[in-house]
Structures are given as C-alpha cells and as structure tokens.
Amino acid sequence: MKKELEYKWTDFESGFVIMEPGTSRAYHTGDWRSLRPIFDHERCIKCGVCWIFCPDCAIRFDKEGYAEADLDYCKGCGICSRECLPGAITMVGEEE
Amino acid sequence: MGKRVGLEVSFAASEAVRLANVDVIAAYPITPQTHIVERLSEFVNNGELDAEFVPVESEHSAMSVCTGSQAVGARSFTCTSSQGLILMSEIVYCTAAMRLPVLMVLANRSISSPISIWNDHTDVMSIRDCGWIQYFAENGQDVFDHVLISFRVGEDRGVMLPVIVNMDGFSLSHVIEPMELLDQETVDKFLPPYRADVVLDPARPVTMGAIVLPTCFTETKKAQDEALKASMPTILEAWKEFGDLTGRYYHPIEEYRTEGAEVLLVTMGGIGETAMWAVDQMREKGRPVGLLKIRLWRPFPFKEFRKAASKAKILVVVDRAVSYGGPGGPVASELRSALYNEPERPQVVNFIAGLASRDVTPFDFIAMVDRAEEAFQKGTGPEYEIYGVRE
C-alpha cells in the first residue's frame with residue numbers, strides 16, 4: 001500500500017471510496033495513548049465487562065481467559081478501568 | 001412528440017420523476033414542496049410507479065435514505081424547502097463528496113425567523129458550497145425538463161454528482177402552466193437506466209464516507225472541486241441532445257435582447273420572465289437594456305458569463321437573498337468576483353428584492369435600471385441595496 005503522502009489528488013477512487021475492506025486496521029490509534037491499562041490477574045474474574053465497554057474493541061483474552069489490551073488500538077481512555085467490577089485494571093502513564 | 005397540457009408545476013415535477021422511473025423516494029412534507037411528494041406517493045400507491053416510498057420522520061432522514069439508497073445503486077429522489085433543507089444540510093454535503101447522484105427539487109422558500117413560508121433564495125444560498133450541481137428553473141417547462149436532464153447529467157459515469165433543481169416556491173410550484181410533457185418512449189431514449197461502477201454490496205465490500213487524515217483531505221477536496229467543474233461539458237451535451245429531441249434548448253446563461261445593450265439586468269429563477277417584459281418596455285422606448293438569466297449556478301459558467309457581460313457598462317443584479325454584513329447578495333458578489341480580473345468590466349449594481357415573495361414587478365425592474373444608471377453617472381453607489389424597503 002502507498003504511504004499517505006504519496007497520494008496525489010488524482011489517485012483516489014471517485015468519492016473517496018475505499019475499495020479494500022478493513023483498512024482501518026492499518027491505522028494504529030494506539031499511538032494516541034497517554035495512559036495504559038495494566039491487568040491484575042489476581043483480581044481479574046474473567047467476566048468480560050471490560051470487553052463489553054471498550055469503545056474501540058481493543059480488549060481481547062489471552063489463552064488462559066484473562067483480559068488484555070490490544071495496544072495497537074487501545075487509546076487509553078480508561079473506561080475498562082472505571083467499569084471493572086473487581087478493580088483489576090489500573091491506568092498508568094505511558095511515560096512511567 | 002409530447003402532448004401539451006395545463007398542469008400545476010409541482011405535479012409536472014412529479015410526472016417527470018415518474019417518467020424517470022425512480023427506485024426510491026424519501027421526503028418529508030414542507031410547504032411549498034408538499035404537492036410534489038404527495039403526488040409521488042399517489043403514484044406509488046396506485047401502482048403507477050414501481051418505487052420504494054419511504055415516509056421518513058424528518059428531512060435529515062430523507063436525505064440519509066436517499067444517500068444510502070443511491071449508494072446501493074438505486075435512482076433516488078427527494079424534495080424539500082427552507083427549514084427542511086437546513087435540517088438535511090448535514091447529509092447534503094456528504095452526498096456530493098461521496099459522488100452519489102441523488103436528485104433534489106428544491107421549492108425555494110425563506111428561512112426563519114421570522115417564519116415565512118414564501119419564496120426567495122435564502123434556503124439554497126445557505127448550502128451554496130455543498131458541491132451539488134445547481135440549476136435555477138424559470139418556468140414549469142424548465143422544471144419538468146430539468147428533472148429529466150438532471151438525472152441524465154448527474155448519473156453520467158464521468159459526472160456522478162447530485163443535482164438540485166431550484167424552482168421558486170408558490171410563484172412556480174403552485175401555479176398551473178401550459179407545458180409539453182414527454183412520453184415514456186422519448187424519456188427512455190434520453191435517460192438510460194442508472195448504473196454505478198461501485199455500489200454497497202456485502203459480496204464486494206467497500207467503504208464510502210470514510211475518515212481521511214489531514215495528510216490526504218486536501219487532495220480529496222481538490223478531486224471534488226475538479227469533478228464539479230468537469231461536469232460542464234456533460235451538462236452542455238445533455239442540453240444539446242435534449243434540445244435536438246424536444247426543440248427546447250437550454251444554456252448556462254440565457255441572454256434576452258442583449259444586442260447592443262449598455263445595461264444588463266441579471267436574474268436567477270422565475271423573476272426572469274417578469275424582467276423580460278420590463279426589458280421589452282424599455283427597448284420600446286429606445287433604451288439599450290437587455291437581460292441575462294443565470295440558469296446554471298454550479299458549476300458556475302464563468303466563460304459564458306464573462307462573454308455575455310463584457311460589453312455592458314452596467315450590470316443590475318437582482319439577488320433574492322441577503323448575506324448579512326457581507327458584500328451584497330450572493331449572486332452579485334460572485335459576479336463582481338468573476339469580473340474583477342477582466343481588463344474592461346461593467347459596474348455591478350446590486351439590488352436585493354423579492355424577499356418572502358414580495359412582488360418584483362416590471363416597474364420595479366425599470367426603477368432599478370433608472371437607479372443604477374444614476375449611480376453609474378455619479379460614479380458612486382452603495383455595495384448593495386435592499387430594494388423597496390419602507391423607510
């Protein structure tokens with residue numbers, strides 16, 4: 001795929017239609033993040049509330065069924081941490 | 001050839017939409033547009049038109065339905081007025097940017113407040129830069145013809161843009177005029193079925209109306225601007241072909257008695273016919289006055305306008321909308337701008353008139369020409385004047 005700055009105005013499909021499905025995956029919105037969710041396996045009860053509430057579908061489950069964040073797309077909004085019933089998710093600064 | 005009938009102009013618009021065999025109609029009733037959509041709903045109910053009629057709950061939804069249905073490859077039609085247009089405006093911009101050739105008939109009406117159901121051009125001027133092709137009809141025949149011409153132009157593979165046919169509310173929409181309708185065979189000859197290169201289809205997924213980052217947004221807007229400008233040859237070609245078929249030829253700028261004219265009135269929409277009568281009166285008295293009627297507003301016909309206007313000394317531009325605190329009516333300020341770099345250019349005198357259907361009579365046009373000549377001789381005058389206001 002071409003890099004963004006290589007596109008000339010004549011290069012787009014009419015109406016800026018994107019012919020290939022799923023291209024939003026190529027854009028890593030996780031780059032916007034300033035806070036990162038940390039998951040405490042001692043507290044996580046694998047209920048999936050974080051998965052339900054995540055507005056970016058950036059929660060997935062590891063092989064053992066624990067929730068984790070897909071850091072390519074997690075924007076660090078902290079909703080999972082706010083909603084987590086047993087308090088298993090802590091937001092920490094990316095700089096820390 | 002078609003039959004000559006007396007018909008309310010709104011019903012003529014509906015008849016043209018029926019003849020165009022649209023697939024989807026979505027509209028919400030608003031005065032003075034209502035008769036068009038009422039008649040269309042009757043057609044669908046009576047089985048005279050095989051279309052999906054979507055009785056939406058607002059104009060925002062009407063435009064959303066039409067944009068969506070056009071995106072799956074269905075010929076789609078809506079009509080509205082005034083506040084309805086304002087409510088749909090969010091989607092109106094998207095439809096053009098997504099290059100979906102929806103057709104809208106806009107029965108022009110003032111915008112509130114105060115509430116006015118009457119006619120002027122303040123509604124369409126509020127979305128002047130929406131990216132649609134925009135025509136102004138002068139009479140009922142124009143409206144009927146331009147519904148068909150607009151489907152043909154907008155859906156052309158090289159154009160793929162939505163079109164607004166402006167018709168003055170009440171003074172056109174609600175009057176019965178003599179006109180010549182076309183039969184189905186003639187319409188079918190002129191207007192091929194709608195075929196889009198790309199449609200929404202789960203079997204071949206595409207994204208329409210996606211986000212774009214600042215790195216590419218400028219390029220998408222350049223492409224859109226060029227697309228609208230590039231529709232001009234197709235418009236001219238469609239008018240030529242329609243003329244050959246019906247004997248009715250249309251032009252971006254219609255000239256009336258412009259030969260040797262030192263003063264040119266400039267109008268857009270239905271008041272042009274009144275202005276013709278005023279020009280006749282002035283010509284009878286030997287005054288060198290002519291008339292330009294702007295039929296095509298977007299893409300703006302710069303070449304044709306400059307050619308038509310260049311020989312005059314004064315342009316008397318009659319606007320039907322106010323640009324509050326701005327340089328004058330929207331038409332006059334654009335014409336001034338179009339002429340600014342010309343080595344020799346007429347002086348533009350701007351009157352804003354006919355707000356909320358206030359009559360603009362032939363005598364008003366004559367008075368405007370008198371006043372413009374006076375201003376020209378003095379060498380000064382206001383940027384614009386709201387004509388006929390009580391002081």
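Check A:ARG25, A:ARG36 and return the single one that is within 14 Å of chain B (Cβ to nearest Cβ), under 15 Å from the mean Cα position of the chain (by Cα) and either surrounded by 14 or more Cβ atoms within 10 Å (Cβ to Cβ) or under 30 Å from B:GLN224 (Cα atoms) (or both). Working first, answer last.
Values: A:ARG36 fails: within 14 Å of chain B (Cβ to nearest Cβ).
One residue alone meets the criteria, A:ARG25.
Scanning region A:25-42 for residues that are touching a Cys at 6+ places or on another chain (Cβ under 8 Å) and basic (Lys, Arg), which turns out nearest to A:ALA69 (Cα to Cα)?
A:ARG36
What single numbered condition from (1) out of contact with any Lys or Arg (no Cβ under 8 Å at 6 or more places or on another chain); (2) under 23 Å from B:LEU7 (Cα atoms); (3) crowded, with 20+ Cβ neighbours inside 10 Å fails to hold for B:ASP50?
The number of the failed condition is (3).
Can we say B:TYR249 is more than 14 Å from every other protein chain (Cβ to nearest Cβ), farther than 21 Å from B:GLN70 by Cβ and either in contact with a Pro (Cβ under 6 Å, 6 or more places away or on another chain) or surrounded by fewer than 15 Cβ atoms within 10 Å (Cβ to Cβ) (or both)?
Taking the combined requirement at face value, the residue satisfies it.
Is it the case that region B:102-109 has a residue that's among the small types (Gly, Ala, Ser), touching a residue at least 12 places away in the same chain (Cβ under 8 Å), more than 14 Å from every other protein chain (Cβ to nearest Cβ) and within 21 Å of B:LEU228 (Cα to Cα)? It would help to see each step written out before you state the result.
Taking region B:102-109 first, the residues among the small types (Gly, Ala, Ser) are B:107.
Right, trim to touching a residue at least 12 places away in the same chain (Cβ under 8 Å) and you get B:107.
When the remaining residues are screened for being more than 14 Å from every other protein chain (Cβ to nearest Cβ), the result is B:107.
Narrowing the set further to residues that are within 21 Å of B:LEU228 (Cα to Cα) leaves none.
No.
From the list B:PHE376, B:PHE363, pick out the single residue that is farther than 20 Å from B:ASP168 by Cα, modelled with pLDDT of 95 or more, part of a helix (DSSP H, G or I) and among the hydrophobic types (A, V, I, L, M, F, W, C). It would help to see each step written out before you state the result.
Working: B:PHE376 fails: modelled with pLDDT of 95 or more.
Unique residue meeting the criteria: B:PHE363.
Given the criteria surrounded by 20 or more Cβ atoms within 10 Å (Cβ to Cβ) and not hydrophobic (A, V, I, L, M, F, W, C), does B:SER150 qualify?
yes
Does A:TRP9 fit the bill of being more than 8 Å from chain B (Cβ to nearest Cβ) and among the aromatic types (Phe, Trp, Tyr)?
In short, no.
Residue by residue, here is whether (1) on the phi > 0 side of the Ramachandran plot; (2) surrounded by 13 or more Cβ atoms within 10 Å (Cβ to Cβ); (3) in contact (Cβ under 8 Å) with a residue 12 or more places away in the chain holds:
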site: A:TYR66; (1), (2), (3): no, yes, yes
site: A:TYR73; (1), (2), (3): no, yes, yes
site: A:ILE79; (1), (2), (3): no, yes, yes
site: A:GLY87; (1), (2), (3): yes, no, yes
site: A:GLU94; (1), (2), (3): no, no, yes
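Based on what the data block shows, is A:ILE52 more than 10 Å from chain B (Cβ to nearest Cβ), modelled with pLDDT of 95 or more and surrounded by 12 or more Cβ atoms within 10 Å (Cβ to Cβ)?
It is false that A:ILE52 is more than 10 Å from chain B (Cβ to nearest Cβ), modelled with pLDDT of 95 or more and surrounded by 12 or more Cβ atoms within 10 Å (Cβ to Cβ).
Mind checking which helices (runs of 4 or more DSSP H) fall wholly inside region B:140-243 and carry at least 2 residues that are within 30 Å of A:ALA26 (Cα to Cα) and within 14 Å of chain A (Cβ to nearest Cβ)?
Working: elements: B:140-155, B:184-190, B:214-229.
Of the helices (runs of 4 or more DSSP H) lying wholly inside region B:140-243, those with at least 2 residues that are within 30 Å of A:ALA26 (Cα to Cα) and within 14 Å of chain A (Cβ to nearest Cβ) span B:214-229.
The values are calculated or read from the model by the stated rules, or taken from the named source; none is laboratory data. Every value quoted in this text rests on a predicted model; they were computed, and no experiment measured them. Positions of Cβ are backbone-derived with ideal geometry, glycine not excepted, and every protein chain shown enters the neighbour counts.
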